[in-house]
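Trainee: I'd like to ask some things about the structure below.
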Amino acid sequence: MNTPFRDTLVEICCNSVTSACNAKRGGAYRIELCQALGEGGTTPSAAAIEYCANRLNLHTRVLIRPRGGDFCYTEQEMDVTLRDIELAAQLGAHAVVIGFLTPDGDIDTDKTRRAVEAAQGLSVTFHRAFDECRNPHEALEQIIGCGCNKLLTSGGMPTALEGCNQLQQLVQQADGRIGIIAAAGIVPNNVVEIIRRTGVTEVHGSCKTTIGDTTVTDSDQVRQLFEKLEQ
């Protein structure tokens, strides 16, 4: 009989095709694909999306972010964002990951709705831009109202472990209307505690290591994460 931990959906953040290969080697099926992790992640190349979705046969969720920095975008940047969403869908992506804020720290509902519409039925995750919102409970309702399927969050704290109380409140408030994905600092040694304390059914971890000057997903860490959930 499966345990609740074993049923948890695990998403590995991958910054390259190499990282995606390592994630798969460690037992992952679902990834969030991006590049430029040092800037918080930006949109990956078209070739990388196609490779992960079709050649690696991974459930590929694509970060759509035109640049690093804040989450307040110009109309020109929004035009590029919407086109990237359409291209990701055409290339075989299974979901897109987006996030738009106003200068006041609220959800930019207009841009979020436009992104959901451009996704043409693909699952849409609102990312950790949410953690910069001034009113997280109001922001959650706005994200649900815009049609997003999932929310990636650390509960407004630097790590998910520190944000457990807020994460639990968000899970309760969502009440099944949107999936809450715990993110930031998810490692084998804390993943079970985070799930137990918050009630989330999905977690997002990078499981990264540094080799020389290159940051890459570590297949051993991915494997250990799954092993913790299986125990």
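Quick note: the coordinates plus some simple rules give every number you see, no bench work behind them. This is a predicted model, so every value here is computed, not measured. Ideal geometry is used to build each Cβ from the backbone, glycine not excepted, and the neighbour counts take in all protein chains shown.
Trainee: Which cross-chain or sequence-distant (5 or more) residues have an amide H under 5 Å from the amide H of Lys208, H modelled 1.01 Å from N in plane?
Mentor: When sequence neighbours closer than 5 places are left aside, the close amide H contacts are Asp218.
Trainee: Could you tell me the center-to-center distance, by alpha carbons, between the stretch 125-139 and the stretch 158-174 in angstrom?
Mentor: 12
Trainee: Which value in deg cm²/dmol, rounded to the nearest 500, describes the helix-derived mean residue ellipticity at 222 nm for the chain, given -39,500 (n - 2.57) per DSSP H run of n ≥ 4 and division by the residue count? Walk me through the intermediate numbers first.
Mentor: On the way: 8 runs with 81 residues, N = 231.
Computed ellipticity for the chain at 222 nm equals -10500 deg cm²/dmol.
Trainee: Can you tell me how much longer the chain between Glu138 and Glu227 gets when fully stretched, taken as 0.36 nm per residue apart minus their C-alpha distance, in nm with one decimal?
Mentor: On the way: separation 89, 0.36 × 89 = 32.04 nm, distance 3.65 nm.
Length gained, Glu138 through Glu227: 28.4 nm.
Trainee: Just want the answer: with Cβ charges of +1 for Lys and Arg and -1 for Asp and Glu, which residue in Phe126, Gly199, Leu87 is farthest toward the dipole's positive end in the chain?
Mentor: After comparing all options, I get Gly199.
Trainee: Separation of the stretch 42-73 and the stretch 198-228 by C-alpha centroid, Å?
Mentor: 18
Trainee: How much of the DSSP bridge set in the stretch 9-230 is antiparallel, in percent, rounded to the nearest 5? Before the final figure, lay out the partial values.
Mentor: Values: 6 of 34 bridges.
For the stretch 9-230, the DSSP antiparallel bridge percentage is about 20.
Trainee: Can you list the residues, at least 5 places off or on another chain, whose amide H is less than 5 Å from the amide H of Val97, using H built in the peptide plane?
Mentor: Those qualifying (amide H under 5 Å, at least 5 residues apart or on another chain) are Val62, Leu63, Ile64, Thr125.
Trainee: Please work out how much length the chain gains when fully extended from Phe5 to Arg55, using 0.36 nm per residue of separation minus the C-alpha to C-alpha distance, in nm with one decimal.
Mentor: On the way: separation 50, 0.36 × 50 = 18.00 nm, distance 2.93 nm.
Difference between extended and current length: 15.1 nm.
Trainee: With charges set only on the Cβ (+1 for Lys and Arg, -1 for Asp and Glu), what does the dipole of the stretch 9-230 come to about its Cα centre, in debye to the nearest 20?
Mentor: Working: 20 positive and 28 negative charges, 141 e Å.
Charge dipole of the stretch 9-230: 680 debye, to the nearest 20.
Trainee: May I pose another question? For the peptides 20-30, 168-178, what is the packing order when you average, over each peptide's residues, the other Cβ atoms within 10 Å and list the highest mean first?
Mentor: Taking the mean over residues of other Cβ atoms within 10 Å, the ranking is 20-30, 168-178.
Trainee: Here's a follow-up. Under 19 Å Cα-Cα from Lys24, which aspartates and glutamates qualify once same-chain neighbours fewer than 8 residues away are excluded?
Mentor: The reachable aspartates and glutamates, counting only those whose Cα sits under 19 Å from Lys24, are Asp7, Glu11, Glu32, Glu50, Glu202, Asp218, Asp220, Glu227, Glu230.
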